[in-house]
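The values are calculated or read from the model by the stated rules, or taken from the named source; none is laboratory data. Quantities reported herein were computed from a predicted structural model and do not represent experimental measurements. Here Cβ is always computed from backbone atoms with ideal geometry, including for glycine, and neighbour counts include all displayed protein chains. Side chains are part of the model used for accessible areas, which takes the heavy atoms of the whole protein and leaves out ligands, DNA and RNA. Shrake-Rupley method; radii C 1.70, N 1.55, O 1.52, S 1.80 Å.
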Amino acid sequence: MFETVAVVGSTGAVGSIIIELLQQRNFPARQFRFLASARSAGTTLTFNDAEHTVEELTADSFAGVDLVIASTPDEVAAEYLPAAVAAGATVIDESGFFRMQPDVALVVPEINPEAALNAKGMIASPNCSTTQMVLALKPLHDASPVKRVIVSTYQAVSGAGLQGTTDLMEGSRAHLAGDDFEYSAFAHPIAFNAVPQIGSVKEEGYTSEELKMVYETRKILGDESIQINATCVRIPVANCHSESITVETERPISPDEARELFAAFPGLTVVGDTANGEFPLPSICTGSDETFIGRIRRDLSHPNGLSFWCVSDNLRKGAATNAVQIGELLAKHRVAAE
């Protein structure tokens, strides 16, 4: 059990779900503190039937805290979270700032729990689009090493935070009314549109979101040889990211074998029968901690290829749930060590 857990970014979209999960799952800690920006400090929230005042995040916020679960922009994580580690806390960070640093564990508990247990201070939770893909890749990779992945994502506006959702809702209303709307979260209108750029433009014309999927996947699976080509697209869906994934493995994996592998792996749910029009949909999968797989089929262009459709709630398993599960893993280990 932890003595004191601090949630950083507690009033944001992901932070709110982290708090909900800590309460629902009866997270093992004696005391909880809730930290946010100066703008949100002083507001109250209800946790475990008690009112708590949100505290302002400062470098001095972490005295006596043993576990920090943080969901903040990269620049906030970079400024404040090292102070938490210096104060003796273990930090589970949702931002992208620390993920690829060689001394920081990048963890999906179903895949590499030992990385969290061996971590020194800082543990990173992966990008939401990476998390659901590596969960799907892991059972295939264990059965026959994955050689190459081609993935196209269809990402919900909630991945851009609360303002992303506002942009979709208000932008859609304005579009239907024939009015103008000034978008804040997106550089292009998202209502009734698809925007093939998430993040900043990087080398070779790829975006930061696409390169995260490449480098984070290799780090989590512990295999730098996997070749990955990603295209990330923002679409006008409120919540849940969808991915079209084609995998080339060392030996052929049939759709039937893949279905069995997926069904047996923790955190994955195989949905339906394509012939009957049953497959994962964002509208059905939202609010779940599972990652859903459907449309499993042979890749007609390659003898060792397999294609499938993958949907997951990006705010839950893609962010909040994964972080809380890492915390639960650490708590269980602490109990076993006592």
What are the residues in the range 204-249 that are loosely packed, with under 15 Cβ neighbours inside 10 Å and assigned to a strand (DSSP E or B), if any? GLN227, ASN229
Members of the range 303-325 found to be in a loop (DSSP other than H, G, I, E, B), touching a strand residue (DSSP E or B) at 6+ places or on another chain (Cβ under 6 Å) and surrounded by fewer than 23 Cβ atoms within 10 Å (Cβ to Cβ), listed by number: ASN304
Selection from the range 280-299 of residues open to solvent by 70 Å² or more (accessible area, probe 1.4 Å), closer than 21 Å to CYS240 by Cβ and touching a strand residue (DSSP E or B) at 6+ places or on another chain (Cβ under 9 Å) yields ILE284, ARG295
Single match in PHE181, PHE186 (criterion: without any contact (Cβ under 8 Å) to a residue 40 or more places away in the chain and over 30 Å from PRO145 (Cα atoms)): PHE181
Within the range 145-173, the residues that are surrounded by fewer than 18 Cβ atoms within 10 Å (Cβ to Cβ), over 19 Å from ASN314 (Cβ atoms) and in contact (Cβ under 8 Å) with a residue 40 or more places away in the chain are PRO145, LYS147, ARG148, ILE150, SER172
Suppose we keep only residues that are more than 23 Å from ARG316 (Cβ to Cβ), assigned to a loop (DSSP other than H, G, I, E, B) and touching a residue at least 12 places away in the same chain (Cβ under 8 Å) within the range 250-279. Which one would you say is most open to solvent (accessible area, probe 1.4 Å)? GLU250
So which residues in the range 117-160 are charged (D, E, K, R) and farther than 19 Å from ARG251 by Cα? LYS120
Filter the range 189-203 down to residues that are open to solvent by less than 70 Å² (accessible area, probe 1.4 Å) and touching a Ser or Thr at 6+ places or on another chain (Cβ under 7 Å) and give me whichever is farthest from LEU168 (Cα to Cα). SER200
Write out, first by first residue and then by second, each pair whose Cβ atoms fall under 8 Å of each other, whose residues are 6+ apart or on separate chains, and whose first residue, in the range 1-17, is without any contact (Cβ under 8 Å) to a residue 40 or more places away in the chain while the second is open to solvent by less than 20 Å² (accessible area, probe 1.4 Å). SER16/SER10
Count of residues meeting criterion [in contact with a Pro (Cβ under 8 Å, 6 or more places away or on another chain) and assigned to a loop (DSSP other than H, G, I, E, B)] in the range 280-293: 0
LEU140 versus (1) aliphatic (A, V, I, L, M); (2) more than 16 Å from the chain's Cα centre (by Cα); (3) over 16 Å from THR291 (Cα atoms): which is the lone unmet condition? (3)
Take ARG334 and decide whether it is crowded, with 24+ Cβ neighbours inside 10 Å, among the charged types (D, E, K, R) and farther than 23 Å from HIS141 by Cα. no
So SER125 passes all but one of these: (1) polar (S, T, N, Q); (2) more than 23 Å from GLY294 (Cβ to Cβ); (3) surrounded by fewer than 23 Cβ atoms within 10 Å (Cβ to Cβ). Which condition number does it fail? (3)
